[in-house]
Amino acid sequence: MTSAQDRAALLEALAWQLEMGADEALNATACDRFAEQEEERHQTPPRSQAPTTPVRSTRPPPAQAPPPLVGPDEVQASARQMATAARSLEELRAALAAFDGCDLKKTATNLVFADGNPESRLMLIGEAPGRDEDRQGLPFVGVSGQLLDLMLAAIGLNRTKVYITNILFWRPPGNRTPTPAEIAACLPFVERHMALVQPSYLLLLGGLSAKTLLARREGITRLRGLWANIAVPGLDAPLPALATLHPAYLLRQPAQKRLAWRDFLSFRRAVEDASPSSPNPA
């Protein structure tokens, strides 16, 4: 029922409408809006009546299965399979370009494979590409590469007489230290690289190269000047290798160039004497 106060308010509203000029009714008979509201309040929709608006499910959508995780052992096994299948340097480069097991590839601009003479019996293995190497796709083309060229020239060598590559084939972001997983993913390709080139001597430039291929934990200041024989899958005989300081390190520590000079002289003597099994590093 409509109260007396509601009716009084309705009459005041009607009087206000008349003052505003609303003096014409749209229907032939007056409508009691209060009675309509009272009637709707007591009505209930039949149970069989479908809701006027669709009911959305509150259940979360089914979760999609995450991609299968690939462990480091599986990545290295895949890398070794792809590397072993390469029968030439061109095939090895193509295998690296197709390999997706190293996250460094996602942030690098170019694959940095090698430079120099693949027919040379002298193979130089550095650490990882830098900014300039990443841009040009060649190893040792920046400032450290210029120093390396001078060091090679001092012992009568140049890029036409040596073959140059790295432990890593893609630049780490910001030249950060690579992770063990990244090194392990690239190592089978490095070993296959050595097997295909079949060098007579290895020169390991930097701590990452020396520790990885010599399987040692000491820093480069302890490993430099030391000769060791490296067993390489696919080669009948181990390769004699000499560890030395990286040119980038020498740019930061110029006083250590005298030690690198001793190593390069030792490398030259070993090559000239053809007896690398027992050279006496200075």
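Of all residues in the stretch 124-157, those being part of a loop (DSSP other than H, G, I, E, B), crowded, with 23+ Cβ neighbours inside 10 Å and out of contact with any His (no Cβ under 9 Å at 6 or more places or on another chain) number 4. Taking residues in the stretch 110-135 that are without any contact (Cβ under 8 Å) to a residue 60 or more places away in the chain, and partners anywhere that are of a type in the set (V, I, T) and assigned to a helix (DSSP H, G or I), the pairs with Cβ atoms closer than 8 Å and at least 6 places apart or on different chains are D132/V143. Scanning the stretch 81-121 for residues that are in a helix (DSSP H, G or I), within 18 Å of L235 (Cβ to Cβ) and not aliphatic (A, V, I, L, M) yields a total of 2. Is there any pair with a first residue in the stretch 204-224 that is within 20 Å of T179 (Cβ to Cβ) and a second that is aromatic (F, W, Y) and assigned to a helix (DSSP H, G or I) whose Cβ atoms are under 9 Å apart and which are 6 or more apart or on different chains, and what are they? Qualifying pairs under 9 Å: G206/Y249; G207/Y249; I220/Y249. Looking at D103, D115, just one residue is acidic (D, E), in contact with a Leu (Cβ under 6 Å, 6 or more places away or on another chain) and within 28 Å of V141 (Cα to Cα), and that residue is D115.
One residue is enough: does the stretch 216-238 have a residue meeting the conditions closer than 15 Å to R121 by Cβ, surrounded by fewer than 22 Cβ atoms within 10 Å (Cβ to Cβ) and among the charged types (D, E, K, R)? No; the residues of the stretch 216-238 include none that is closer than 15 Å to R121 by Cβ, surrounded by fewer than 22 Cβ atoms within 10 Å (Cβ to Cβ) and among the charged types (D, E, K, R).
Under the condition of being over 23 Å from the mean Cα position of the chain (by Cα), over 18 Å from L168 (Cβ atoms) and either surrounded by 15 or more Cβ atoms within 10 Å (Cβ to Cβ) or aromatic (F, W, Y) (or both), the residues counted in the stretch 87-117 number 1. If you check H246 against the conditions, is it buried (at least 21 other Cβ atoms within 10 Å of the Cβ), over 23 Å from A94 (Cα atoms) and either charged (D, E, K, R) or modelled with pLDDT of 95 or more (or both)? Considered against the rule, which asks whether it is buried (at least 21 other Cβ atoms within 10 Å of the Cβ), over 23 Å from A94 (Cα atoms) and either charged (D, E, K, R) or modelled with pLDDT of 95 or more (or both), H246 comes out as yes.
Scan the stretch 175-191 and tell me whether some residue there is of a type in the set (K, R) and buried (at least 17 other Cβ atoms within 10 Å of the Cβ).
So far as the stretch 175-191 goes, no, none of its residues is of a type in the set (K, R) and buried (at least 17 other Cβ atoms within 10 Å of the Cβ).
Against the criterion of being over 30 Å from G174 (Cβ atoms) and either modelled with pLDDT under 75 or surrounded by 10 or more Cβ atoms within 10 Å (Cβ to Cβ) (or both), A4 does not qualify.
The values are calculated or read from the model by the stated rules, or taken from the named source; none is laboratory data. Predicted model only: the values in this text are computed from it and were never measured. Ideal geometry is used to build each Cβ from the backbone, glycine not excepted, and the neighbour counts take in all protein chains shown.
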